[in-house]
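The values are calculated or read from the model by the stated rules, or taken from the named source; none is laboratory data. Small disclaimer: the values here were computed from a predicted structure and weren't measured. Note that we place each Cβ from the backbone using ideal geometry, even for glycine, and neighbour counts take in every protein chain shown. For the accessible areas, the whole protein counts, side chains as well, though only heavy atoms, and no ligand, DNA or RNA atoms are used. Shrake-Rupley method; radii C 1.70, N 1.55, O 1.52, S 1.80 Å.
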Amino acid sequence: MKFNQAISLIDQANKKDPNTEVYQGVTYAKEYIYGVRMSNRLDVFMPDAPESLKLAARCQHICRWEIPRDRYPMDRVGYLTWRNDLKKLHAQKASDILTSVGYDDEVVEEVQFMLLKKQLKKNELTQALEDVICLVFLEFYFDEFAEKHSEEKIIDIVQKTWAKMSEKGHEAALQLPFSASGLALVQKALA
């Protein structure tokens, strides 16, 4: 009951995203469809995921549009500051929603821990969330991203993405339905 209420509230928040994406002929609020993709990918990647991880996956980009990238300097420091501020936003929004539907402090703190990317590579749940984030990027956003950037930058991004993932994540990534050009870039990056 609490879980369904939380998912509903997360989705309501994300449906307010003024940015949209057309997927299979239907227009969606961008962060809403992202949250659905995160949940769907997690269900495949870790069917027995604990409730806290399922909640964190759905909250991964909650209300992301509230902190636009262009508010920060367009350099590496600006990018990292923006990403850090987003993590804090997602963790706070998640906390507010989960507390409002009656989750205890332990679950709320677990979700926040994952959203803040604490102990990446050391904590199984944080790592699983990161794997799912990378898989969703590669499956749904990689081709569009690749069209906008140089091959050199794309190869660098794939290598950085790969470095964040676990072996299980790598295996899952190699099963994704890449486009021919996307697969060629991934293969080049991993060679």
>> Compute the angle between helix 180-190 and the longest alpha-carbon principal axis of the chain, please, reported from 0 to 90 degrees and rounded to the nearest 10.
In response: 90
> When the chain is fully extended, how far beyond the present Cα-Cα distance does Asn4 get from Glu106, taking 0.36 nm per residue of separation?
Replying inline: 34.9 nm
> Under a point spin-label approximation (7 Å from Cα along Cα-to-Cβ), what is the Thr27-Asp75 distance to one decimal in nm?
Replying inline: 3.9
>> Taking the solvent-accessible surface of protein heavy atoms with a 1.4 Å probe, what is the per residue accessible area of the chain in Å²?
In response: 54
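Using Cα-Cα distances under 8 Å and only pairs 6 or more residues apart, what relative contact order does the stretch 116-191 have, in percent?
Details: 48 pairs, mean separation 29.7, N = 76.
Answer for the stretch 116-191 is 39 percent.
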> Taking a label point 7 Å from the Cα of Glu151 along the Cα→Cβ vector, which residues of the stretch 167-191 have an amide N closer than 16 Å to it?
Replying inline: 180-191
> Which of Arg58, Arg71, Arg41 moves the most in a Gaussian network model of the chain with Cα springs under 10 Å?
Replying inline: Arg71
> At a Förster radius of 25 Å, what calculated FRET efficiency corresponds to the Cβ-Cβ distance of Asp43 and Thr20, to the nearest 0.05?
Replying inline: 0.55
> What list of ³J(HN,Hα) couplings, whole Hz, do you get for the stretch 107-116 from phi and the Karplus terms 6.51, -1.76, 1.60, once you set θ to phi - 60° and write x for glycine and proline?
Replying inline: 5, 4, 5, 4, 5, 4, 4, 5, 5, 7
>> Give me the percent of accessible area attributable to carbon and sulfur for the stretch 1-118, probe 1.4 angstrom.
In response: 50
>> Taking 0.36 nm per residue of sequence separation and subtracting the Cα-Cα distance, how much length would be gained by fully extending the chain between Arg83 and Glu144, in nm to one decimal?
In response: 19.9 nm
